[in-house]
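Each reported figure results from applying straightforward, stated rules to the coordinates on display, with no laboratory input. Only a predicted model underlies this, so the values are computations on that prediction, with no experimental measurement involved. No Cβ is skipped: glycine too gets one built from the backbone with ideal geometry, and neighbour counts run over all protein chains shown.
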Amino acid sequence: MPDPALSLTDVRLTLRGNAGLVDILRGITLEIAAGESVGLVGPSGSGKSSLLMLMGGLERATGGEVRALGQDLTRMDEDALARFRRDNMGVVFQSFHLIPTMTALENVATPLELAGSRDAFPRARAQLDAVGLSQRADHYPAQMSGGEQQRVALARALVGRPRLLLADEPTGNLDESNGRAIVDLLFGLSEQAGATLVLVTHDERLARRCDRVIRLRDGRLDDSRRAEAAE
């Protein structure tokens, strides 16, 4: 049996807040297969986004082990984590996180340039075309709508052909029409690339488009509705 794309063992995250230490994640153990799409759902504050950040090496677990593509992220230093993300991951956030002083084309080409790719701009242009924005290549983020900015962010996340695609509420700042378009692109392009997709969302209908839905509550996996997976 092939190794899982993501494997978490007794993962814990404790952060210091104004009132002292706060347990964000409390012993998460799960595996996600290569090529699988998974929706992470749960109430606000349940730990969904924190779990996604741990999977991407953007937050460090305070206990347990996080493995991605066979590599132990908990043992990597910051430089190694940055290289691993650059070479293997694409991340899409609710806030688009585009660089305002760069055009759409430059934003998409940036991760390729950082990786030393000689064909960064042709590949970036092709990826913009894939999300329907070839005509916006020379526009800056402030000149684009929210839906267009999220398309650029999606193009940037996918341009490096990542094996792992992590998305945190990617439709949260969009209207219904733009949200549907982004979701269709997200699933279509990730499937085309053969990427493993982990999607944080509050939208049950969106989560059900994934191969599997994982529910969190109070920092733990919520098994109370496991029977739904068999329906």
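For the reader, a short list of remarks on this structure follows.
- For residue 165, the residues 5 or more places off, or on other chains, whose built amide H falls under 5 Å of its own are 90, 196, 197, 198.
- Net length available on complete extension from residue 71 to residue 3 is 23.4 nm, with 0.36 nm assigned per residue and the Cα-Cα distance removed.
- Cβ-defined net charge surrounding residue 54, 15 Å radius [Lys, Arg +1; Asp, Glu -1]: 0
- Potential extension, residue 115-residue 217 segment - 0.36 nm per residue separation minus Cα distance: 32.9 nm
- Zone residues, the stretch 20-36, relative to residue 62, backbone N less than 11 Å from point 7 Å out along Cα-to-Cβ: 20-26
- The phi-based Karplus calculation (6.51 cos²θ - 1.76 cosθ + 1.60; θ = phi - 60°) puts the 3J(HN,Hα) values of the stretch 132-147 at x, 10, 4, 6, 9, 4, 9, 8, 8, x, 5, 8, 10, 6, x, x Hz, whole numbers, x for Gly and Pro.
- Principal-axis tilt of helix 176-193 within the chain, Cα atoms, nearest 10 degrees: 90 degrees
- Rg(Cα)/(2.2 N^0.38 Å) for the stretch 4-121, N = residue count: 1.20
- Summarising the amide proton neighbourhood of residue 27: residues at separation of 5 or more, or on other chains, whose placed amide H is nearer than 5 Å comprise 11, 12, 13.
- Dimensions of the chain based on its C-alpha atoms, expressed as ranges along the principal axes with the largest first, amount to 47, 45, 39 Å.
- Working from label points 7 Å from Cα in the Cα-to-Cβ sense, the residue 126 to residue 145 distance is 2.9 nm.
- Cα gyration tensor shape of the stretch 91-137, rounded if a/c is under 1.5, else prolate or oblate by comparing a/b with b/c: oblate
- Percentage of interatomic Cα-Cα distances in the stretch 180-221 larger than 17 Å: 34 percent
- Potential lengthening of the chain between residue 87 and residue 134 amounts to 14.5 nm, from the contour at 0.36 nm per residue minus the alpha-carbon distance.
- Hz values of 3J(HN,Hα) by residue in the stretch 102-115 - Karplus curve (6.51, -1.76, 1.60), Gly and Pro given as x: 10, 6, 4, 4, 5, 4, 6, 6, 3, x, 5, 5, 5, 7
- Tail fraction, Cα-Cα pairs, the stretch 150-219, threshold 19 Å, whole percent: 30 percent
- For the options 135, 143, 127, a Gaussian network treatment of the chain with springs between C-alpha atoms closer than 10 Å singles out 135 as fluctuating the most.
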